[in-house]
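The values are calculated or read from the model by the stated rules, or taken from the named source; none is laboratory data. No experiment lies behind these values; they were computed from the predicted model shown. Reconstructed Cβ throughout: ideal geometry from the backbone, glycine too, with neighbour counts over all protein chains shown. Just so you know, the surface numbers come from the protein's heavy atoms only, side chains and all, with ligands and any DNA or RNA stripped out. Shrake-Rupley method; radii C 1.70, N 1.55, O 1.52, S 1.80 Å.
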Amino acid sequence: MAFSSYIRYTFRDAFRSIGRHKGMAFASVLTIAISLFILGSTLLLVLNSQYLVSTMESQLEINVFLQSDIDRKDALAFQKEIEKIPGFQSLEFISKEDALDIMQDRFGKDTDILKSLGGVNPFPDSYRIKAQSSEKVASIAAEVEQFSEVESIRYGKELVDKLLAFTVWVKNAGLAIIIGMLIAGLFLITTTIRLTVFTRKKEISIMKYVGATNWFIRFPFFLEGMLIGFLGAVIAGLIIYFGYGVTIQYVIKSVPFLPVMADSDALYRILAVLIIGGTAIGAIGSVIAVRKYLKV
Amino acid sequence: MIQFFNVTKKFDNGTLGLENISVSINRGEFVFLVGPSGAGKSTFTRLLIRELLPTNGQIMLDGKSIIRMKSKEIPDLRRKIGFVFQDFRLLQDRTVYENAAFALEAVGTPISEVKKRVPAVLEMVGIGDKYDCFPEELSGGEQQRVAIARAIVNNPSILLADEPTGNLDPDTSLEIMKIINDINKRGTTIIMATHDSEIVNKMRKRVIVLNKGAIIKDELKGGYDYGIQ
């Protein structure tokens with residue numbers, strides 16, 4: 001009997017309190033929405049830079065040119081050796097005929113490239129190897145070079161080094177920015193909640209004088225904080241969801257070569273984290289803020 | 001029912017609140033606590049609701065030690081004691097009805113019971129026509145009536161009043177005192193700290209005079225007289 005009454009009262013009190021303190025509730029929702037919006041946007045920005053880096057990494061390739069006197073059967077058999085190298089991802093065999101065709105395409109139909117080369121195809125058979133990641137490129141290249149079938153090897157060594165440094169930088173900077181934003185957001189949200197609770201500290205002490213248990217005082221604040229956190233997070237989530245869609249469309253149209261993360265799974269994951277996080281911060285923050293005034 | 005045994009309260013900053021007080025108050029008594037500011041009147045009431053713990057001594061309520069009470073039991077203690085303050089201390093964001101109902105709700109009283117008892121109590125303190133007003137819409141006297149209603153709505157055995165007429169004009173003060181006296185007649189023990197000599201002299205109740213933390217006078221049917229020159 002008493003327990004069901006308690007539940008009824010605490011839920012009613014939480015909603016009534018939001019209704020009676022509309023200005024404060026609105027300010028708290030807004031603060032949480034803004035903090036989470038900034039956090040979510042940062043997260044998307046960082047994820048996109050990582051996506052950009054990994055896309056660039058996946059496009060890195062090593063060109064392996066085979067000895068010109070090697071016969072086709074040996075050239076094809078050599079594939080097995082490359083596949084054994086750790087870090088290897090995929091390869092493409094380009095025969096000397098293919099290479100000539102590619103060159104022909106590049107010059108256009110007006111010139112017969114074989115004729116101008118004196119009837120001899122100068123291109124060797126070659127492999128185009130992709131590594132699993134940019135860090136592996138150098139070691140694969142070094143290993144492939146050992147084989148006697150290989151005449152020479154080419155890969156963008158400088159580009160690889162730069163990309164490698166950039167990758168590390170993006171990962172560290174991204175992590176630092178997210179942690180910084182997280183701390184700033186938490187600080188902003190808890191300060192707002194503390195302020196909200198502070199304006200009602202007299203109320204809390206009166207409740208204590210009347211003989212209300214700590215639980216009975218705390219629970220409406222807990223529910224109220226939860227609801228405010230949830231609302232703030234939903235607002236931030238909606239803005240991010242639609243804002244990101246529009247931004248992606250714009251980027252794809254105006255900078256088509258720039259890879260953007262259009263993976264909606266990742267977006268949904270971020271939204272879920274924001275909503276769960278916002279609700280939890282609101283609820284827990286309120287309970288912690290109330291605790292200070294319960295010692296009467 | 002209330003017993004103080006050699007109670008001393010020294011505050012952390014060295015101020016002396018009460019010094020070696022022993023006093024006994026019976027069920028249904030009406031007691032005025034008088035004395036100059038800083039005499040220890042508030043310390044006395046705050047000790048009784050376990051807002052403070054004494055430095056030394058023992059305090060018993062209905063044969064049970066308040067000092068040894070676990071903090072979990074404090075809400076139960078406070079439900080036995082109604083508290084009325086000089087500054088009313090109403091919840092500003094709740095109506096008259098909600099303020100009075102709160103004391104019952106905090107104890108988990110079923111809503112049907114709340115709906116019966118709150119109107120009866122508001123009627124009794126003479127504010128039955130202002131259920132839906134917020135405290136800021138009421139006069140001081142009306143606010144104190146609401147506070148009294150809240151203090152007695154769950155039938156506490158003791159009503160503690162800390163200068164309940166301190167912010168009110170003389171006529172309103174008399175009205176409030178009439179209500180408190182009526183509550184006493186129903187069997188509730190009243191302990192009231194006050195500076196209002198007119199009321200004390202008129203009512204002729206037990207008067208305990210405190211000065212510098214000590215009881216210097218304890219008279220049945222006493223008057224307002226510090227007895228200090």
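About the Cα centre, and with charges only on the beta carbon of Lys, Arg (+1) and Asp, Glu (-1), how big is the dipole of the protein assembly as shown? Nearest 20 debye, please.
Working: 62 positive and 56 negative charges, 711 e Å.
So the magnitude is around 3420 debye.
Tell me which residues come under 5 Å, amide H to amide H, from B:ASP93 once H is placed; ignore anything under 5 positions away on its chain.
HN-HN under 5 Å from B:ASP93: empty list.
In terms of modelled amide H atoms, which long-range or inter-chain residues lie less than 5 Å from the amide H of B:PHE30?
Those qualifying (amide H under 5 Å, at least 5 residues apart or on another chain) are B:ILE190, B:ARG206.
Specify whether the C-alpha gyration tensor of the protein assembly as shown places it in the rounded, prolate or oblate class, a ≥ b ≥ c being the square roots of the eigenvalues: rounded for a/c under 1.5, otherwise prolate if a/b is larger than b/c and oblate if not. The partial results should precede the final answer.
Values: a/c = 5.00, a/b = 3.58, b/c = 1.40.
It is prolate, given that a/c is not under 1.5 and a/b is the larger ratio.
By how many degrees, between 0 and 90 and to the nearest 10, does the Cα long axis of helix A:214-254 differ from the longest principal axis of chain A?
In chain A, helix A:214-254 runs at an angle near 30 degrees to the longest axis.
Which FRET efficiency value, to the nearest 0.05, do you get for B:ASN26 and B:GLU175 by plugging their Cβ-Cβ distance into 1/(1 + (r/R0)^6) with R0 = 35 Å? Intermediate results must be reported in sequence, preceding the final value.
Values: r = 27 Å, r/R0 = 0.77.
After rounding, the FRET efficiency stands at 0.80.
Using helices alone, what [θ] at 222 nm do you get for chain A, with -39,500 (n - 2.57) per DSSP H run of 4 or more residues, divided over all residues and rounded to the nearest 500?
Calculated mean residue ellipticity at 222 nm is -26000 deg cm²/dmol.
How far apart, in nanometres, would the label points at A:VAL246 and A:THR191 be if each is projected 7 angstrom from Cα along the Cα-to-Cβ direction?
Each label point lies 7 Å from its Cα, and together they span 2.9 nm.
Under the rule a/c < 1.5 gives rounded, and otherwise a/b versus b/c splits prolate from oblate, where does region A:1-61 land using the Cα gyration tensor?
Taking the square roots of the gyration eigenvalues as a ≥ b ≥ c, region A:1-61 is oblate.
Please give the calculated 222 nm ellipticity per residue for chain B, where each DSSP H segment of at least 4 residues contributes -39500 (n - 2.57) and the sum is spread over every residue; nearest 500 deg cm²/dmol?
Numbers: 7 runs with 74 residues, N = 229.
It comes out at -9500 deg cm²/dmol, rounded to the nearest 500.
Could you compute how much accessible area chains A and B hide from each other, both sides summed, with a 1.4 Å probe? Nearest 100 Å² is fine. Let's see the in-between values first.
Working: alone 17990 and 10980 Å², together 26570 Å².
Buried area (both sides, nearest 100 Å²): 2400 Å².
Highest first, please rank the peptides B:17-25, B:151-159, A:53-61 by the mean number of other Cβ atoms sitting within 10 Å of their residues.
On the way: B:17-25: 18.3, B:151-159: 20.9, A:53-61: 16.6.
Answer by packing, highest mean first, reads B:151-159, B:17-25, A:53-61.
For the protein assembly as shown, with the dipole built from +1 on Lys and Arg beta-carbon atoms and -1 on Asp and Glu ones, taken about the Cα centre, which of B:LEU138, B:GLY223, A:THR213 lies farthest toward the positive end?
After comparing all options, I get B:GLY223.
Quantify how strongly other chains surround peptide B:99-109 by giving the mean number of their Cβ atoms within 10 Å of each of its Cβ atoms. It would help to have the intermediate numbers written out before the result.
On the way: counts 2, 0, 1, 7, 6, 3, 10, 10, 8, 11, 4.
Rounded to a whole number, the mean comes out at 6.
Please calculate how many Å² of accessible area the protein assembly as shown carries per residue, with a 1.4 Å probe and no DNA, RNA or ligand atoms counted. If you can, show how the numbers build up before the last one.
Numbers: 26570 Å² over 525 residues.
Spelled out: the 1.4 Å probe surface of the protein assembly as shown, per residue, equals 51 Å².
Once you order the gyration tensor axes a ≥ b ≥ c over the Cα atoms, which shape class does chain A get: rounded for a/c under 1.5, otherwise prolate or oblate by comparing a/b with b/c? The partial results should precede the final answer.
Numbers: a/c = 4.55, a/b = 3.43, b/c = 1.33.
Note, shape of chain A comes out prolate.
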